[in-house]
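The values are calculated or read from the model by the stated rules, or taken from the named source; none is laboratory data. Quick caveat, the model's predicted, so the values are computed rather than measured. Reconstructed Cβ throughout: ideal geometry from the backbone, glycine too, with neighbour counts over all protein chains shown. In case anyone asks, the SASA skips ligands and DNA or RNA and just uses the protein heavy atoms, side chains included. Shrake-Rupley method; radii C 1.70, N 1.55, O 1.52, S 1.80 Å.
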Amino acid sequence: MTGFRGATGAPGTTGTPGTTGTHLGMPAFPEAAREAVRDGVLRANLRHATHTIRDKRARAVAELADWDRLRAAGKAVKDHTLRHLDRYLLQLEAAVTAAGGTVHWAVDADEANRIVTELVRATGEREVVKVKSMATQEIGLNEALEAAGITAYETDLAELIVQLGHDRPSHILVPAIHRNRSEIRDLFRAEMGRWGRPAPDPLGDDPRELAEAARLHLREKFLRAKVAVSGANFMVAETGTIVVLESEGNGRMCLTLPETLISVVGIEKVVPTFRDLEIFLQTLPRSSTAERMNPYTTMWTGTTDGDGPSAFHLVLLDNGRTDTLADETGRQALRCIRCSACLNVCPVYERAGGHAYGSVYPGPIGAVLSPQLRGTASEIDASLPYASTLCGACYDVCPVAIDIPDILVHLRERVAQGGPATRDGIRVRIRPARRHTAERAAVRASRLLLDRPGALRAGERLLARARRLAPRRLPGPGRAWTDTRELPLLPAESFRDWWTRERGTSQ
Amino acid sequence: MTGKDRILARIRRAVTPPGGQAGTGTGADVPRDYLRVHGARTPDERVDLLAANLAEYRARVHRTDGDGLRDLLGRLLADAATVQLPPALGHRLPSEPSLTFVPDRAAQTPRELDRVDAVVTGCALAIAETGTIVLDGGPDQGRRRITLVPDHHICLVRVPDQVVDSVPEALPLLDPRRPLTWISGPSATSDIELERVEGVHGPRRLDVVLVGASDRGRRPGARER
Ligand code: SF4
């Protein structure tokens, strides 16, 4: 398995080197439609993956007699931290600074992108290597860097596959699970040479051979990289220690070989003490890859003379998190450690695939996190709370006991009836969604693009134009898209179609 | 207002109940009734568990006493031409005339390191329950990159002294101010059709040598800092 999306993971679909302004990681309509034809394969792959990981996880968890207590402790640590987040962030800043690092604060995606771009520019470099990171994907960092003439290379194998394919990740943990080996071989053959060392010739489709091709291709980049960008799984307030869990070693390459390391991390990732890691280092690997421990965990505190990067920058990212914090029911979503266990047990995710969620965060956690980080103004966000059967399996597996069904119901109420919410730090009253019916919202996300391909194209054009200007945001309805640089992909099958078909065949 | 001020102000508004005061919790409310150790083990059983868990992750595990170490290393390094090692380990290495030893130096470039075949290091401690070795950049371990770029890592663990049972036992023995690398088996990926492949970017081969009785050293955590 590739690793731990909490930290890491920017699929950089939008920042693929050399992509044109109109390519935003979103296939044009006919392409998307063609992809939908492949659904059978996608769904079979997804089903296989989720069931395999699900069963392994259950075994890994059953090994620990105190799982419920670890889960309760993890929940309590996170809740406590969130209640005193201001204090712990200040403590973290002081500790990182004392250890030789520099801390930056970013209110939103634009600010974070600007900070990172300036930091890279200051090094004089035009290339960065990246550890996969959901936070950087959330803010569209690759695209922002590209606009500034800086190329970001994804180094996780799955992210590389996604990036080379101008594609989008479909799972937090195994982002390229929708691609099979022969597709990957064809991609490597066709694309690798354009970004660096070409694939060996001949190249077979054995996973071993393909991994070797990726190793050779990326090693060139690791050895010359001067700047790396990462996320993090945890930050320790007490010591200023940053923690990244991964499997392949690409994370270690990025975190230790370059001269400058820039980590972009959501403010909710802080924990109070070094000791608190004893909880999450037990629960995260088992929930995520179903291993007792992932192959590599890197912990660093500021900079160390003669070992690793000589400059370390930590960019603390808000981007909707404080708004989420203001909602007492919804705030528990900030406990998430991005293990992806909830995806693997979700019957809706299994059928719809990760692309259908129109966000970097797919599955049950995406259904509660995205509409909180972005607000429920857009159709996709208003519909996400309905992308669930409320079966509760996601809550049962969650290692920090996030009551996802509870938040879903809470957000449905907000969409349907309106109510208080916080946007950009200001308390507002959300009006009920216009012409809203629960059913309509539930199917809108999936039908949006089918119903309005013209709107999508217009949006793409506008966006392409806007990206050349400094603030890269669309006014009005397009805003939700550009806020995350993450356009909703045509889902494999709309929820309505799926519903009709499932009922039709099962009754 | 700076970004920092704005974020802190938003947090304070978000966590302060209407009309109320922000709390002053200490974290004492976190229940820590989870287990320190999963099961009772003798030192030998602890080492056996470490060996079993490492092997399950496809590390190759060897046991030797201090006297057998040279020969064992000689065999493990049979197909290597250049070996990198931290200075503190110099005396332990086999006297093969065919081997070129490369010291760990700050000035070494990543490209130079990439030409090294194998690396031998010690560790700070090892965790039995998870099959993990932890490196902290100590004098017998060197810089983080030397156990990453060469394709073959041989790690020496003093047993039973350096072996602890569990993650909760390990953390208090580690110094967060040092760069820490936790290693559980060789680099691996399952990104292509969930088929596990070793050695995408890190070393493809991880040999863990459990060095026994006659090589008794310091206890974990009792290292000089
Ligand atoms: S919500 Fe819970 S189960 Fe889902 S990814 Fe986050 S921590 Fe894991």
| In region A:312-364, which residues are within 11 Å of chain B (Cβ to nearest Cβ), among the aliphatic types (A, V, I, L, M) and out of contact with any His (no Cβ under 9 Å at 6 or more places or on another chain)? | A:Leu317, A:Leu325, A:Ala326, A:Leu334
| remark: Counting only helices (runs of 4 or more DSSP H) wholly inside region A:306-417, the ones holding at least 3 residues that are within 10 Å of the ligand (Cβ to nearest atom) are A:341-345, A:363-374, A:393-397
| note | Taking region A:266-302 and keeping residues buried (at least 24 other Cβ atoms within 10 Å of the Cβ), more than 7 Å from chain B (Cβ to nearest Cβ), in contact with a Phe, Trp or Tyr (Cβ under 7 Å, 6 or more places away or on another chain) and under 25 Å from B:Leu148 (Cα atoms) leaves A:Phe280, A:Leu284, A:Ser288
| said: Filter region A:165-188 down to the residues that are more than 16 Å from the ligand (Cβ to nearest atom), part of a loop (DSSP other than H, G, I, E, B), facing chain B (nearest Cβ under 10 Å) and open to solvent by less than 20 Å² (accessible area, probe 1.4 Å) and list them by number. | reply: A:Ala176
| query | Going through region B:156-177 one residue at a time, which ones are closer than 22 Å to A:Val236 by Cβ and either touching a strand residue (DSSP E or B) at 6+ places or on another chain (Cβ under 7 Å) or assigned to a strand (DSSP E or B) (or both)? | reply | B:Val164, B:Ser166, B:Val167, B:Ala170, B:Leu173, B:Leu174, B:Pro176, B:Arg177
| Residue that is surrounded by the most Cβ atoms within 10 Å (Cβ to Cβ) [pool: residues in region A:303-315 that are touching a residue at least 40 places away in the same chain (Cβ under 8 Å) and among the small types (Gly, Ala, Ser)] | A:Gly308
| said: One residue is enough: does region A:116-132 have a residue meeting the conditions assigned to a strand (DSSP E or B) and either modelled with pLDDT under 95 or more than 25 Å from A:Leu245 (Cα to Cα) (or both)? | reply: yes
| task | Tell me which residues, restricted to region A:65-75, are surrounded by fewer than 20 Cβ atoms within 10 Å (Cβ to Cβ) and facing chain B (nearest Cβ under 7 Å). | result | A:Ala65, A:Asp66, A:Arg69, A:Ala72
| note | The number of residues in region B:140-155 that are assigned to a loop (DSSP other than H, G, I, E, B) and out of contact with any helix residue (DSSP H, G or I) (no Cβ under 6 Å at 6 or more places or on another chain) is 5
| field | Spans of strands (runs of 3 or more DSSP E) in region B:24-121 with at least 3 residues at pLDDT 90 or above | value | B:60-64, B:82-85, B:118-121
| Among the candidates A:Ala106, A:Ala49, A:Ala10, residue that is crowded, with 22+ Cβ neighbours inside 10 Å, at pLDDT below 70 and out of contact with any Phe, Trp or Tyr (no Cβ under 7 Å at 6 or more places or on another chain) | A:Ala10
| query | Is it the case that A:Arg57 is more than 11 Å from every other protein chain (Cβ to nearest Cβ) and touching a residue at least 24 places away in the same chain (Cβ under 8 Å)? | reply | yes
| Just one of the numbered conditions (1) closer than 30 Å to B:Leu194 by Cα; (2) away from the ligand (no atom under 16 Å from the Cβ) is not true of A:Gly100; which one? | (1)
| note | Among the residues of region A:213-235, the number that are within 12 Å of chain B (Cβ to nearest Cβ), closer than 17 Å to A:Leu255 by Cα, among the hydrophobic types (A, V, I, L, M, F, W, C) and over 21 Å from the mean Cα position of the chain (by Cα) is 4
| request: Pairs only if they're at least six apart or on different chains, beta carbon under 6 angstrom, first in region B:40-60 and loosely packed, with under 14 Cβ neighbours inside 10 Å, second outside any helix (DSSP H, G or I); list them, first residue then second. | output: B:Pro43/B:Pro160
| field | Residues (buried (at least 24 other Cβ atoms within 10 Å of the Cβ), more than 14 Å from every other protein chain (Cβ to nearest Cβ) and assigned to a helix (DSSP H, G or I)) located in region A:144-164 | value | A:Ala144, A:Leu145
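So that you can scan it fast, the table gives a plain yes or no per residue for (1) buried (at least 24 other Cβ atoms within 10 Å of the Cβ); (2) without any contact (Cβ under 8 Å) to a residue 60 or more places away in the chain; (3) not hydrophobic (A, V, I, L, M, F, W, C):
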residue: A:Cys339; (1), (2), (3): yes, no, no
residue: A:Glu350; (1), (2), (3): no, no, yes
residue: A:Val360; (1), (2), (3): yes, no, no
residue: A:Gln372; (1), (2), (3): yes, yes, yes
residue: A:Pro385; (1), (2), (3): yes, yes, yes
residue: A:Leu390; (1), (2), (3): no, yes, no
residue: A:Asp403; (1), (2), (3): no, no, yes
residue: A:Leu411; (1), (2), (3): yes, no, no
residue: A:Ala421; (1), (2), (3): no, no, no
| message | Scan region B:129-141 and tell me whether some residue there is more than 8 Å from chain A (Cβ to nearest Cβ), surrounded by 24 or more Cβ atoms within 10 Å (Cβ to Cβ) and out of contact with any Leu (no Cβ under 6 Å at 6 or more places or on another chain). | response | yes
| Does A:Thr239 qualify as being within 11 Å of chain B (Cβ to nearest Cβ), touching a helix residue (DSSP H, G or I) at 6+ places or on another chain (Cβ under 9 Å) and not in a loop (DSSP other than H, G, I, E, B)? | no
| said: Within region B:167-187, does at least one residue satisfy the condition of being open to solvent by less than 10 Å² (accessible area, probe 1.4 Å) and under 29 Å from A:Ala44 (Cβ atoms)? | reply: yes
